[in-house]
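Written out below as structure tokens is the structure these notes cover.
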Amino acid sequence: MRYLLLLFLSSLLFACGEEAAEPMLRFRMRLDSTQQRLNNIGEPAIMPAQNRAQNPRFNSIAVHYIELASSPYTLLGQGAVLYQTASTAQGGSQAILFDSLVMVKDNEVFFEIPLSQVPVGEYSWIRVSLAYQNYDISFRVGPPQVPVTLNGTASIASFIGYNTFIKSHLVKTLSETLNSNKQQGYWAFEASIPGYPAQLSSGQAPPGATTVPNPLWQSSPIPAGSCVVTGPFDQALNINPQSNGDIEVVVSLSTNQSFEWKESGGNNVYEPLAGDTVVDMGIRGLVSRVVY
């Protein structure tokens, strides 16, 4: 009898705990190479005749800012800002603190917040500022740079936030120590060819080399040099005090041919030693699905 009473009380406490769980708003990352490929103003992007591209194979990605907007005319920062990572001036100017970023893979939740902490309202647009990408691409080296043709895989660490303070970072198996700020477009390239040791190189892409789609560029422009990607919800996101269940927002980013280079050899293969030059490492669009 005493055992049954304890079992009953335990189940009662468990049930009360379930009822007391606060409803959450969750954001899940999706990386979609089949999603429409857009340009900086949110229009379909046509590949220049002399350029080629490939779909990078993502290892991780990090977000440093989330904002909900009710109207196309809601200016950046005037919507519901739900999330912003730490920043620092250690590098001389204000920058994203790389060590504070949360790295996620495709289909993982990257942020959640109690619904009670989200301003009540109806939202039609979302702004997500990206800070970091890590992905693999295919490349080739061959004559006359090396004696034989070799095909390899490169892991790329791409820093696409406005400015990032990086103590050190690991690309795949190799790391570099910086202890400095790096502007948007900084990259590190770890090349791997079977039978050869991995090699690491790094550099800085020129301003404007990172595509950041914003279909609201006329009504609510985004400052140059940021990586605030803007996109619509598939249905209105309604936040009200009566919400009693979790809500999930699936943030789907287009990676459709997002690694783009100017082709020098005409063979549609990325050959960094043969004169192929990277022209874009950005994201090619954002759409978000609301799941009640």
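Table for the structure above
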read-out	value
Residues of segment 204-240 satisfying the condition of being in contact (Cβ under 8 Å) with a residue 60 or more places away in the chain and not in a loop (DSSP other than H, G, I, E, B)	228, 229, 230, 231, 232, 233, 236, 237, 238, 239
Set 65, 73: member being surrounded by fewer than 17 Cβ atoms within 10 Å (Cβ to Cβ), of a type in the set (Phe, Trp, Tyr) and either out of contact with any Gly (no Cβ under 6 Å at 6 or more places or on another chain) or touching a residue at least 60 places away in the same chain (Cβ under 8 Å) (or both)	73
Single condition residue 105 does not satisfy, out of (1) within 30 Å of residue 238 (Cα to Cα); (2) surrounded by 18 or more Cβ atoms within 10 Å (Cβ to Cβ)	(2)
Matching option when the condition is over 30 Å from residue 111 (Cβ atoms) and not in a loop (DSSP other than H, G, I, E, B), among 253, 273	273
Spans of strands (runs of 3 or more DSSP E) in segment 143-203 with at least 1 residues hydroxyl-bearing (Ser, Thr, Tyr) and under 16 Å from residue 281 (Cα atoms)	150-159, 186-192
Conditions (1) surrounded by 16 or more Cβ atoms within 10 Å (Cβ to Cβ); (2) more than 18 Å from the chain's Cα centre (by Cα); (3) not small (Gly, Ala, Ser): number failed by residue 268	(1)
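Quick note: the coordinates plus some simple rules give every number you see, no bench work behind them. These numbers were taken from a predicted model, which means no experiment stands behind them. Quick reminder, even Gly has a Cβ in these numbers, built from the backbone with ideal geometry, and neighbours come from all protein chains shown.
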